[in-house]
Amino acid sequence: MRGVVMHAPGDVRVQALDEPIILSPTDAIIRLAATCVCGSDLWPYRGADAVDSPRPMGHEYAGVVVEVGDDVKSIKPGDFVVGSFFASDNTCEICRSGYQSSCLHREGPQGAQDEPLRVPLADGTLVGTPGNPSEDLIPSLLAASAVFGTGWFGAVAAQVGPGKTAAVVGDGAVGLLAVLAAKQLGAEKIIAMSRHEYRQKLALEFGATDIVTERGDEGVAKSRHSPEASVRTRSSRPSGPRSP
Ligand SMILES: [Zn+2]
Ligand SMILES: [Zn+2]
């Protein structure tokens, strides 16, 4: 099989790797239908994070289950699944409180730019879709793997809800999906802080009601004084490219 490995900043190779096997009864093996490069992959690529040893790349993925360990109950071979960037059991106290990426048994993201992938804690980490998605839906399901979850988490952490105003700082994938999350959570007014025209268009499509192009203090002032600004404006700040 082939997989993507970063050997050093700027040195990323597609190379032959051993096929993954079930190591624990809670594992699953999936064949990827879609994966992507994340902003957080760029930190080591640019040399901002050290690369001490060859590092399998990739942590955002969706695919079809090939094999499951004996203890996996929620998915079976043939199911289409969307995975989360950290493997989590979804049963410990931290997971049950809604912080699955800090699961007591979490395992770090790795190797999701390989053809097949071993996913630990499969019952907690993978979510099956109803039936097999059409090709054109797969990119959207890939977005649900990490960036939508992160945007949603930001909106929930900012207590976005019906009748409220949300300001989303940043218009990358996470920021845009925080706009979508704020819309889903019922925000009345959603301010997208964005300076890129094509992203502004997406933000408006996803539910933004206002676009603010200014940054810093000027951007804050503009957001506060936009015509219908609510007194309960909160900031849903995407976590940026350092978060997976
Ligand atoms: Zn957990
Ligand atoms: Zn990521």
- Item | Hey, residue 52 more than 16 Å from ligand 2 (Cβ to nearest atom) and buried (at least 19 other Cβ atoms within 10 Å of the Cβ) or not | no
- Message: Need the failing condition index for residue 119 against (1) within 16 Å of ligand 1 (Cβ to nearest atom); (2) in contact with a helix residue (DSSP H, G or I) (Cβ under 8 Å, 6 or more places away or on another chain); (3) among the hydrophobic types (A, V, I, L, M, F, W, C); (4) farther than 21 Å from residue 25 by Cα, just the number.
- Response: (4)
- Residues of the range 1-15 satisfying the condition of being at pLDDT below 95 and either touching a helix residue (DSSP H, G or I) at 6+ places or on another chain (Cβ under 8 Å) or surrounded by fewer than 18 Cβ atoms within 10 Å (Cβ to Cβ) (or both): 1, 2
- Query: Is there any pair with a first residue in the range 37-49 that is modelled with pLDDT under 95 and a second that is in a helix (DSSP H, G or I) and within 13 Å of ligand 2 (Cβ to nearest atom) whose Cβ atoms are under 7 Å apart and which are 6 or more apart or on different chains, and what are they?
  - Reply: 49/43
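Can you tell which of 78, 111, 83 is more than 13 Å from ligand 1 (Cβ to nearest atom), without any contact (Cβ under 8 Å) to a residue 24 or more places away in the chain and small (Gly, Ala, Ser)? Reasoning before the result, please.
Details: 111 fails: without any contact (Cβ under 8 Å) to a residue 24 or more places away in the chain; 83 fails: without any contact (Cβ under 8 Å) to a residue 24 or more places away in the chain.
Only one candidate qualifies: 78.
Residue-wise test of (1) within 14 Å of ligand 2 (Cβ to nearest atom); (2) crowded, with 19+ Cβ neighbours inside 10 Å; (3) of a type outside the set (Asp, Glu); (4) part of a loop (DSSP other than H, G, I, E, B).
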| position | (1), (2), (3), (4) |
| --- | --- |
| 19 | no, no, no, yes |
| 30 | no, yes, yes, no |
| 41 | yes, yes, no, no |
| 45 | yes, no, yes, no |
- Task: Look through the range 1-37, keep the residues that are touching a strand residue (DSSP E or B) at 6+ places or on another chain (Cβ under 8 Å) and of a type in the set (Gly, Ala, Ser), and return whichever of them is nearest to residue 55 (Cα to Cα).
- Result: 3
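For residues in the range 65-101 being among the small types (Gly, Ala, Ser) and surrounded by 15 or more Cβ atoms within 10 Å (Cβ to Cβ), which is nearest to residue 146 (Cα to Cα)? It would help to see each step written out before you state the result.
At the first step, the residues of the range 65-101 found to be among the small types (Gly, Ala, Ser) are 69, 74, 78, 83-84, 87-88, 97-98, 101.
Within this subset, residues satisfying the condition of being surrounded by 15 or more Cβ atoms within 10 Å (Cβ to Cβ) are 69, 74, 83-84, 87-88, 101.
Numbers: 69: 24, 74: 20, 83: 8, 84: 6, 87: 12, 88: 14, 101: 11 Å.
Within the range 65-101, the match that is nearest to residue 146 (Cα to Cα) is 84.
Go through the range 202-244 and give me each residue that's outside any loop (DSSP other than H, G, I, E, B), modelled with pLDDT of 95 or more and touching a helix residue (DSSP H, G or I) at 6+ places or on another chain (Cβ under 7 Å). Can you show your working first?
Here is the first cut: in the range 202-244, the ones outside any loop (DSSP other than H, G, I, E, B) are 202-206, 210-212, 216-224, 234-236.
Adding the requirement that they be modelled with pLDDT of 95 or more leaves 202-206, 210-212.
Scanning the range 202-244 gives 202, 203, 206, 211, 212.
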- Of the residues in the range 102-130, those that are within 16 Å of ligand 2 (Cβ to nearest atom) and buried (at least 19 other Cβ atoms within 10 Å of the Cβ) come to 106, 109, 111, 112, 113, 114, 117, 119, 125
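The values are calculated or read from the model by the stated rules, or taken from the named source; none is laboratory data. Predicted model only: the values in this text are computed from it and were never measured. A quick note on method: Cβ atoms are made from the backbone with ideal geometry, for glycine too, and the neighbour counts reach across all protein chains shown.
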